[in-house]
Amino acid sequence: MAGLKEQPLQIRWENRTQRPLLALAVAFAVAYAVPIAAPGVPGGVKSACSAVEQAVWATFAADYLVRLVLSRQRLHFVRHHWLDLLAVLLPLLRPLKLLRLVSALVLVGRRARMATQIKLTTYVGGSVVGLLVFGSLAVLEVERNAPDGNIKTLDDALWWSFTTMTTVGYGDHSPTTGLGRLLAVGLMISGIAVLGVVTANIAAWFISRFEQDDAEERRQTEAILALTDEVKALRAQVASLSDASDGRGAAPVPGPSAPPAAEEPVSSPRS
């Protein structure tokens with residue numbers, strides 16, 4: 001019973017912080033992208049972007065701790081929100097710094113409360129855009145200063161990400177560093193997964209439409225059959241009434257009755 005009393009408070013907290021966390025995720029994305037897309041910005045701008053990243057990430061970590069405190073069954077909370085915990089802890093390691101943006105998207109997506117179909121569509125669309133843009137930024141950050149690198153501009157990085165996600169792979173641009181190739185592998189796998197989800201979602205939509213049309217057609221067919229049976233029953237009832245009327249025949253119409261004959265007087269015997 002105590003756990004049930006604590007649950008509404010946790011849900012209220014999640015509902016109230018959903019939009020602010022989304023706004024913070026957008027700010028985090030902008031702060032992450034500016035120093036990479038415009039490397040020539042002043043040092044003060046880079047410092048401000050780094051401060052925004054740290055502040056937003058601290059907010060995400062604090063949000064996780066608050067939700068953990070509000071849950072009475074904390075072990076159960078940790079087991080069922082292990083992905084949130086990994087998204088908060090892993091990017092704190094310097095070699096995994098590039099995972100921060102992906103982790104921010106995961107944290108915001110896990111908090112989204114919407115209809116299933118809308119959530120799936122939002123996930124797919126957001127995943128495509130996020131992987132395309134931020135995969136480009138990540139590989140550009142790694143490959144820009146590589147001696148043999150051929151991804152030097154944001155245009156090249158976007159083109160490489162698009163061809164990699166769609167598994168086309170023209171080969172005109174490719175990463176040369178170990179970390180860049182690791183990012184390429186992750187983008188390839190993610191692209192295949194996203195394309196599979198898109199295909200499955202489109203197929204499921206068509207199947208649902210066909211099932212709705214078939215159900216409507218079945219309902220109409222059943223209604224027509226029921227109406228046909230009722231008409232047949234009415235015809236049979238009319239026919240039976242008509243046959244019964246013909247079997248009895250027409251009833252004779254009584255005419256005027258003749259007056260009774262006068263009775264002859266009975267003669268008495270003569271004496």
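Among residues of the range 41-64 being in a helix (DSSP H, G or I) and β-branched (Val, Ile, Thr), the one that is nearest to GLN10 (Cα to Cα) is THR59.
I'm trying to understand the selection: among the residues of the range 171-196, which are of a type outside the set (D, E, K, R) and in a loop (DSSP other than H, G, I, E, B)?
Here is the first cut: in the range 171-196, the ones of a type outside the set (D, E, K, R) are 171, 173-180, 182-196.
Passing the criteria: GLY171, HIS173, SER174, PRO175, THR176, THR177.
Somewhere in the range 19-39, is a residue of a type in the set (A, V, I, L, M, F, W, C), part of a helix (DSSP H, G or I), over 20 Å from LEU137 (Cα atoms) and open to solvent by 50 Å² or more (accessible area, probe 1.4 Å)? Yes: one or more hits. What pairs come up if the first residue lies in the range 215-228 and is touching a residue at least 60 places away in the same chain (Cβ under 8 Å), the second is open to solvent by less than 100 Å² (accessible area, probe 1.4 Å), and their beta carbons are under 8 Å apart, counting only those six or more places apart or on different chains? Hits for this filter: zero, empty list.
Here is the figure for the range 135-162: residues that are closer than 19 Å to GLY40 by Cα and assigned to a helix (DSSP H, G or I) total 12.
Each row is one residue, and each column tells you yes or no for (1) surrounded by 11 or more Cβ atoms within 10 Å (Cβ to Cβ); (2) closer than 30 Å to ALA157 by Cβ; (3) at pLDDT below 80.
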position	(1), (2), (3)
GLY178	no, yes, no
VAL185	yes, yes, no
ILE192	yes, yes, no
ALA200	yes, yes, yes
TRP205	yes, no, yes
GLU222	no, no, no
SER240	no, no, no
ALA250	no, no, yes
SER271	no, no, yes
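Suppose we filter ARG113, ARG94 for residues that are surrounded by fewer than 17 Cβ atoms within 10 Å (Cβ to Cβ), closer than 30 Å to ARG181 by Cβ and modelled with pLDDT under 65; which single one remains?
Working: ARG113 fails: closer than 30 Å to ARG181 by Cβ.
Going through ARG113, ARG94 in turn, the sole match is ARG94.
Taking the range 142-155 as the range and being surrounded by 21 or more Cβ atoms within 10 Å (Cβ to Cβ) and farther than 13 Å from GLY178 by Cα as the test, only ILE151 passes.
Looking only at the range 65-88, decide whether some residue is in a helix (DSSP H, G or I), among the small types (Gly, Ala, Ser) and surrounded by fewer than 17 Cβ atoms within 10 Å (Cβ to Cβ). Spell out how you get there, then give the answer.
Taking the range 65-88 and keeping what is in a helix (DSSP H, G or I), we get 65-70, 74-80, 82-88.
In the following step, the residues that additionally are among the small types (Gly, Ala, Ser) were identified as 87.
After this cut, where a residue has to be surrounded by fewer than 17 Cβ atoms within 10 Å (Cβ to Cβ) as well, the list is none.
No: the range 65-88 contains no residue that is in a helix (DSSP H, G or I), among the small types (Gly, Ala, Ser) and surrounded by fewer than 17 Cβ atoms within 10 Å (Cβ to Cβ).
The values are calculated or read from the model by the stated rules, or taken from the named source; none is laboratory data. Given the structure is predicted, the values throughout are model-derived calculations rather than measurements. Every residue, glycine among them, receives a Cβ derived from its backbone with ideal geometry; neighbour counts consider all protein chains shown. Heads up: the accessible areas ignore ligands, DNA and RNA and are worked out on the full protein's heavy atoms, side chains in. Shrake-Rupley method; radii C 1.70, N 1.55, O 1.52, S 1.80 Å.
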